[in-house]
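Q: Submitted below is the structure of interest, expressed as structure tokens.
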Amino acid sequence: MLANRLSVLMAERQLSIKQVVQDTGLSRNTISNITNNPESNISTETLDKLCIYFEVDPSEFFVFSPYSIELGLNSNDKIMLMSVTYHRKEQLYDLLLYISSDDFDQETDARLKSFDIYFDINSDMGASKVLEIYNSLPMIFKTQLTNRILKHIEDSFDMTTLDISIIDQKDYTKTDTYDYLASLDKEVFSASIRLPWVDLEKNVTLTKNNHLKFI
């Protein structure tokens, strides 16, 4: 994986997009796209101007990781798939999506911080390896992988087809996630998202096509 460090270089020098545009003569769309999409293509002419402007060489402008990571979906089992290629060898990991209405500490059976909905995304077979891969990534790719998984949930999962576990102490029942959220009579829902490497707190809404949107 290869990504540019433009946003980092700008932050280090306390430069705004407007200032970079004015100083380099590059268009605002170009600078915004490179900043917001670190893996986007950059022409050699643009790269030349930016390296001269920031007084760095291309090796300092880019960051590289030997891993190539793609996300997919097992449509039958509603499981996310993470394909990891390293030194031309590909390994496939499952990322199970478990959704619940509550969260309890297993040791004390005490309710933890309260959210409207809880997402637990983990690997059933390769959790330690997935975490090892994540920890080896430069920070920019760690952030990108987390954001890509959230985007994958938004794009790939229809909430009417996913069950949610309704937890009342030790009693469990299931219903579809869309009906559960609709029953809360809210437009914005608080969500806890547990990934193998980080716990996140987000707000979510339901879209017109029954998907989620993290906000």
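Q: Shape of the chain from its Cα gyration tensor (a ≥ b ≥ c, root eigenvalues): rounded if a/c is under 1.5, otherwise prolate when a/b > b/c, or oblate?
A: Because a/c hits 1.5 or more and a/b exceeds b/c, the chain counts as prolate.
Q: By how many nm would the segment from E187 to M139 lengthen if fully extended, with 0.36 nm per residue of separation less the alpha-carbon distance?
A: 14.0 nm
Q: Still on this structure, I have one more. Can you give me the relative contact order of the chain as a percent, contacts being Cα pairs under 8 Å and 6 or more apart? Spell out each step's value before the answer.
A: Values: 320 pairs, mean separation 31.6, N = 215.
Reported as a whole number, the value is 15 percent.
Q: Roughly speaking, what is the stretch gain from L92 to S68, that is 0.36 nm per residue apart minus the C-alpha to C-alpha distance, in nm to one decimal?
A: Answer, rounded to one decimal: 7.5 nm.
Q: By DSSP, what percent of the beta bridges with both residues in the chain are antiparallel, rounded to the nearest 5?
A: Percentage antiparallel, nearest 5: 90.
Q: Same structure, new question: Which lysines, on any chain, are close to K89 with Cα under 17 Å apart, when same-chain ones fewer than 8 places away are left out?
A: Excluding near neighbours in sequence, the set is K129.
Q: Also, quick follow-up: Could you compute the FRET efficiency for D48 and K78, with r as their C-beta to C-beta distance and R0 at 41 Å, rounded to 0.05?
A: So the FRET efficiency works out to roughly 0.30.
Q: Roughly how many Å² of H87 are accessible to a 1.4 Å probe, to the nearest 10?
A: H87 exposes around 130 Å² with every protein chain in place.
Q: While we're here: Nearest 20 debye, what's the magnitude of the dipole of the chain about its Cα centre given +1 on Lys and Arg Cβ and -1 on Asp and Glu Cβ?
A: 680
Q: Right, here's the next one. Stretch S7-Q22 to full length: gain in nm at 0.36 nm per residue minus the Cα-Cα span?
A: Extending this stretch completely gives an extra 3.8 nm.
Q: Also, I was wondering about something else. Let a ≥ b ≥ c be the square roots of the eigenvalues of the Cα gyration tensor of region 8-59; is it rounded (a/c under 1.5), or, if not, prolate (a/b larger than b/c) or oblate? Show your work: numbers first, answer last.
A: Working: a/c = 1.20, a/b = 1.06, b/c = 1.13.
The shape class here is rounded.
Q: Let me ask another. Label-point separation (nm) for T146 and E201, each offset 7 Å from Cα along Cα-to-Cβ?
A: About 1.4 nm separates the two model spin labels.
Q: Could I have the simple spin-label model distance between N36 and A127, label points 7 Å from Cα toward Cβ, reported in nm to one decimal?
A: With each label placed 7 Å out from Cα toward Cβ, I get 3.7 nm.
The values are calculated or read from the model by the stated rules, or taken from the named source; none is laboratory data. Keep in mind that what you see is a predicted model, and the values were worked out from it rather than measured. Glycine also receives a Cβ, built like all others from the backbone with ideal geometry; neighbour counts cover every protein chain displayed. Ligands, DNA and RNA are excluded from the accessible area calculation, which covers all protein heavy atoms including side chains. Shrake-Rupley method; radii C 1.70, N 1.55, O 1.52, S 1.80 Å.
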